[in-house]
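Data first, discussion second: the structure below is written as structure tokens.
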Amino acid sequence: MALTIEDGSGVASADSYQDLAAARQLSINYGVSLPVDDDEAETALRQGYLNLNTHETKLQGCRVYAVQTGIFPRKYVFANGFLVPNDSIPDDIKLAQLYAASAIAGGVDTNAVDDGQALKSFNAVETLYTETYQDGSRVKVNSRIQGVVNSLAPYYKSAVSSGQNYREFEYLV
């Protein structure tokens, strides 16, 4: 089943920011892996697309269309000192989707329940790092996908814009 691409126009049933061919090229450019099987790769891209929605509360601005299924397009967003057009999907967003898709295809369970685990101590000696958790705690299950965080960072509310901290404010429309 082919992906339905969000191109910035508010596609109601969108499930990806890029088609499979573009995602495969991007994965080659950045050394990120996708499943070889096309159906599995498309499923991973869909899951990566949905995973980005978990970052929405951290993002500047708001969705442009009521029917859109993903975090972009957005209005009232500044990235790297510039206003992001509200009819576009920035390349950073496509890369974030790819990082999420790759992690999910690699076994990261983004739908697991956080059991409230608590770190008791850690030990870092040269290249060895170990953690100990409080009694009754288990290893944290909701993984943070660093590539996603890095790609979305310019769009976060706390992003630096034009050398000044961004502050959220209301727009008069």
(request) Quickly rank 18-28, 71-81 as a protection proxy: mean count of other C-beta atoms within 10 Å, highest first. (result) 71-81, 18-28
(message) For the pair Arg144/Asn111, report the inter-label distance in nm, with labels modelled 7 Å from Cα in the Cβ direction.
(response) 2.4 nm
(request) Grab the Cα-Cα distance for Lys157 and Asp7, subtract it from 0.36 nm times how many residues apart they are, and report the gain in nm with one decimal. (result) 51.7 nm
(message) Please list, in order, the residues from the range 1-17 whose amide nitrogen is less than 16 Å from a point placed 7 Å along the Cα→Cβ vector of Val67.
(response) 4-16
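Every read-out reported here was derived from the displayed coordinates using simple, explicitly stated rules and does not represent laboratory data. On a predicted model such as this, the values are computed, not experimentally measured, just so you know. So basically every Cβ, Gly included, is an ideal-geometry build from the backbone, and we count neighbours across all protein chains shown.
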